[in-house]
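Before any comments, here is the structure.
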Amino acid sequence: MPEFRLYNSLTGEVEPFAPADGSTVRLYTCGPTVYNPAHLGNFRTFLFEDLLRRVLRMRGWGVEQVMNLTDVDDKIIKRATERGITIRALTDPVVTTFHADREYLRIQAAEHYPRATEYIAEMIALVERLQANGVAYRADDGSVYFAIDKFEGYGRLSRLDTRKIRTGARVAQDDYAKENAQDFALWKSAKPEDEACAAAWDSPWGRGRPGWHLECSAMAMALLGETLDIHAGGVDLMFPHHEDEIAQSEAATGKPFARFWCHGEFLLTDGAKMAKRVGNVSTVADLREQGVSAAALRHFVFSTHYRKQLNLSAAALEASIEAVRRIGDFSDRLARETAGSPALSEAADTLLVEATTVLSDDLNAPRAVGALFEFISAANRALDSRGSDPAALGRAREAFRQVNGVLDIVPDRGTSGGELADWVEAQLEARTQARARRDFAAADAIRKSLEEKGIAIEDSPSGTRWKSVR
RNA sequence: GGCACCGUAGCCAAGUGGUAAGGCAGAGGACUGCAAAUCCUUUAUUCGUCGGUUCGAUUCCGACCGGUGCCUCCA
């Protein structure tokens, strides 16, 4: 197997990667802020991380993944206040929705989904550590800030020259009493509305709540140790979120916070970043309503490299729906064939080599999808010309299973079992009899009625097959 | 204003200093009672534009045009 390589935002280069301990990758992925169901832009990033996770496992490593759930922040407090409920009451249902959406998209579960509000003690301890190290200060408003000029190398990840970050209008609008406009809050003193919705905790600095960046550092270190193998998220998190995480983590421990930083690019809609503020978001619920399967969305997302912007369009989704249909048909065929040929076996070997090679090269999923289609063509050809070797078929099934185990784009289709299946089989039997007496009008009528119910049929020398196409 | 990225067939999208993967859509053919599925053939002498480097550039450099993002909460 070729060396596994991954783009590292820290260096701006694709570098060889292996977990520090040689066996388990400690992966931290920034998760959703749970005040609203995550949109497809968010899920593009989570899908990229799912791919990363699966490729790491394909490489034979274990993965210990953490995805945080930010359940306390300004927006959450604002909304909870509007509704007169606690932040917990607001966020619980959103967390449930997040996991339902995640499962629909077949994103594998991380090992840990820590909620910020359950790690308050760890966050306070981290702030105390930073204070002891002289890089945090308490301001007149009672909040505690990180002094970025005390941390050498601030801005290294995002390559932003700190002196060039404008300290003008928008930054100055901040209500907080920072010494330097670029300093960020570690601990925010509580306001009455924070108390009202149960978003305040006791601390050495009085009642308050954690700053946003703090939670990731505290939870990552609590669950994965002080140096992560990989820290991933969307590109918009690079600055200031990840920059601040690095500053506060490294200022506390004196150790590198993450060996690799990986960032997924945006999903665009109508040529603009999908974001709530732009008002162009769509959700998993919208997708389901439009009849776009998880398989189709996964195909769509993995058709473009994760470090390239991807534009969501009806036409592109439609193409993915068709592409996934072909993959599904092939999958069905592989399941019902009984033997293969040397050509099939050869195609299987090629697929395995190609897919592992390109996926190991900075997660080149588009090429892996290409390799999969080349395999499908070659395998169909081999299967058409018949073979007599069950082992060759076994190799093809295994190769297909392995590659699909990473991309996971074979659609779910109910073609057996249940009342529907019994009914369809009865219809097909009636049609077969009609065809036998050459009553094609009756046969076509049955086919048409099945189509109206979303059942497509295919006649073959060995009988008639059916599949659900919705 | 600062910093990045992107611009490849009708659409989506890989890619390499040596002559353009794959998918969708389209066209023709085989198979089929007709379909569907599958297979075969076919669709960019050309990779935003103009220069430069080179024996040779889509791939490197420069300028320009167009698009997107980050610099503020943000996947």
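The values are calculated or read from the model by the stated rules, or taken from the named source; none is laboratory data. None of the values given here were measured: they were computed from a predicted structure. Heads up, the Cβs are rebuilt from the backbone with ideal geometry, glycines too, and the neighbour counts pull from every protein chain shown. We work out accessible area using only protein heavy atoms, side chains counted, and drop any ligands, DNA or RNA first. Shrake-Rupley method; radii C 1.70, N 1.55, O 1.52, S 1.80 Å.
What residue, among those in region A:433-465 that are more than 9 Å from RNA strand B (Cβ to nearest atom) and of a type in the set (S, T, Y), is least open to solvent (accessible area, probe 1.4 Å)?
A:S449
Of the residues A:L363, A:L359, only one is crowded, with 22+ Cβ neighbours inside 10 Å, in a helix (DSSP H, G or I) and within 12 Å of RNA strand B (Cβ to nearest atom); which? If you could, list the steps in order and put the result at the bottom.
Details: A:L363 fails: in a helix (DSSP H, G or I).
The match here is A:L359.
Has region A:211-228 got at least one residue that is at pLDDT 95 or above, away from RNA strand B (no atom under 16 Å from the Cβ), in a loop (DSSP other than H, G, I, E, B) and β-branched (V, I, T)?
yes
Taking the conditions exactly as written (open to solvent by less than 50 Å² (accessible area, probe 1.4 Å), within 16 Å of RNA strand B (Cβ to nearest atom) and either modelled with pLDDT under 95 or not assigned by TED's automatic domain parsing to the domain that holds A:R307 (or both)), does A:F184 satisfy them or not? Let's see the steps before the verdict.
Values: open to solvent by less than 50 Å² (accessible area, probe 1.4 Å): yes; within 16 Å of RNA strand B (Cβ to nearest atom): yes; either modelled with pLDDT under 95 or not assigned by TED's automatic domain parsing to the domain that holds A:R307 (or both): yes.
Criteria met by A:F184.
Residues are listed down the side, and each one gets a yes or a no for (1) within 14 Å of RNA strand B (Cβ to nearest atom); (2) polar (S, T, N, Q); (3) open to solvent by 20 Å² or more (accessible area, probe 1.4 Å); (4) part of a strand (DSSP E or B):
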{"position": "A:P204", "(1), (2), (3), (4)": "no, no, yes, no"}
{"position": "A:H231", "(1), (2), (3), (4)": "yes, no, no, yes"}
{"position": "A:D236", "(1), (2), (3), (4)": "yes, no, yes, no"}
{"position": "A:A247", "(1), (2), (3), (4)": "yes, no, no, no"}
{"position": "A:A252", "(1), (2), (3), (4)": "no, no, no, no"}
{"position": "A:F260", "(1), (2), (3), (4)": "no, no, no, yes"}
{"position": "A:R277", "(1), (2), (3), (4)": "yes, no, yes, no"}
{"position": "A:A296", "(1), (2), (3), (4)": "yes, no, no, no"}
{"position": "A:V301", "(1), (2), (3), (4)": "yes, no, no, no"}
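What's the number of the only condition in (1) modelled with pLDDT of 95 or more; (2) in contact with an Asp or Glu (Cβ under 7 Å, 6 or more places away or on another chain); (3) among the hydrophobic types (A, V, I, L, M, F, W, C) that A:W201 fails to meet?
(2)
Against the definition (modelled with pLDDT of 95 or more, open to solvent by 40 Å² or more (accessible area, probe 1.4 Å) and within 12 Å of RNA strand B (Cβ to nearest atom)), how does A:I327 come out, yes or no? Can you show your working first?
Values: modelled with pLDDT of 95 or more: yes; open to solvent by 40 Å² or more (accessible area, probe 1.4 Å): no; within 12 Å of RNA strand B (Cβ to nearest atom): yes.
Here the answer is no, as A:I327 does not meet what is asked.
Within region A:108-118, can one find any residue that is more than 21 Å from A:M221 (Cβ to Cβ) and modelled with pLDDT of 95 or more?
Quick first cut of region A:108-118, residues more than 21 Å from A:M221 (Cβ to Cβ) only: A:108-109.
Add one more test, that the residue is modelled with pLDDT of 95 or more, and what stays is A:108-109.
Checking region A:108-118: at least one residue is more than 21 Å from A:M221 (Cβ to Cβ) and modelled with pLDDT of 95 or more.
Could you grab the pairs with beta carbons closer than 6 Å, sequence gap of 6+ or different chains, first residue in region A:232-246 and without any contact (Cβ under 8 Å) to a residue 60 or more places away in the chain, second one near RNA strand B (Cβ under 9 Å from one of its atoms)?
Close Cβ pairs satisfying both conditions: A:V235/A:H263; A:V235/A:E265; A:E245/A:H213.
Answer yes if at least one residue in region A:9-19 is under 12 Å from the mean Cα position of the chain (by Cα), more than 11 Å from RNA strand B (Cβ to nearest atom) and not in a loop (DSSP other than H, G, I, E, B), and no otherwise.
Going residue by residue through region A:9-19, those that are under 12 Å from the mean Cα position of the chain (by Cα) are none.
The answer is no, given that none of the residues of region A:9-19 is under 12 Å from the mean Cα position of the chain (by Cα), more than 11 Å from RNA strand B (Cβ to nearest atom) and not in a loop (DSSP other than H, G, I, E, B).
Do the conditions hold for A:F46, that is, is it away from RNA strand B (no atom under 16 Å from the Cβ) and either hydrophobic (A, V, I, L, M, F, W, C) or at pLDDT 95 or above (or both)? Lay out the reasoning, then the answer.
Values: away from RNA strand B (no atom under 16 Å from the Cβ): no; either hydrophobic (A, V, I, L, M, F, W, C) or at pLDDT 95 or above (or both): yes.
Taking the combined requirement at face value, the residue does not satisfy it.
Specify which of the listed residues (A:I321, A:I376) is among the aliphatic types (A, V, I, L, M), open to solvent by 30 Å² or more (accessible area, probe 1.4 Å), within 12 Å of RNA strand B (Cβ to nearest atom) and in a helix (DSSP H, G or I). Show your work before the answer.
Details: A:I376 fails: open to solvent by 30 Å² or more (accessible area, probe 1.4 Å).
Step by step, each of A:I321, A:I376 is checked, and only A:I321 is among the aliphatic types (A, V, I, L, M), open to solvent by 30 Å² or more (accessible area, probe 1.4 Å), within 12 Å of RNA strand B (Cβ to nearest atom) and in a helix (DSSP H, G or I).
Scan region A:401-436 for residues that are of a type in the set (D, E, K, R), at pLDDT 95 or above and not in a helix (DSSP H, G or I) and jot them down.
Correct list: A:D408 only.
Taking the condition touching a helix residue (DSSP H, G or I) at 6+ places or on another chain (Cβ under 6 Å), hydroxyl-bearing (S, T, Y) and in a helix (DSSP H, G or I), does A:T96 pass?
Values: touching a helix residue (DSSP H, G or I) at 6+ places or on another chain (Cβ under 6 Å): no; hydroxyl-bearing (S, T, Y): yes; in a helix (DSSP H, G or I): yes.
No; evaluated as a whole, the condition is false for this residue.
Yes or no, residue by residue, for (1) over 28 Å from A:R288 (Cα atoms); (2) within 16 Å of RNA strand B (Cβ to nearest atom):
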site: A:Y28; (1), (2): yes, yes
site: A:N42; (1), (2): no, yes
site: A:D74; (1), (2): yes, yes
site: A:E82; (1), (2): yes, no
site: A:T91; (1), (2): no, yes
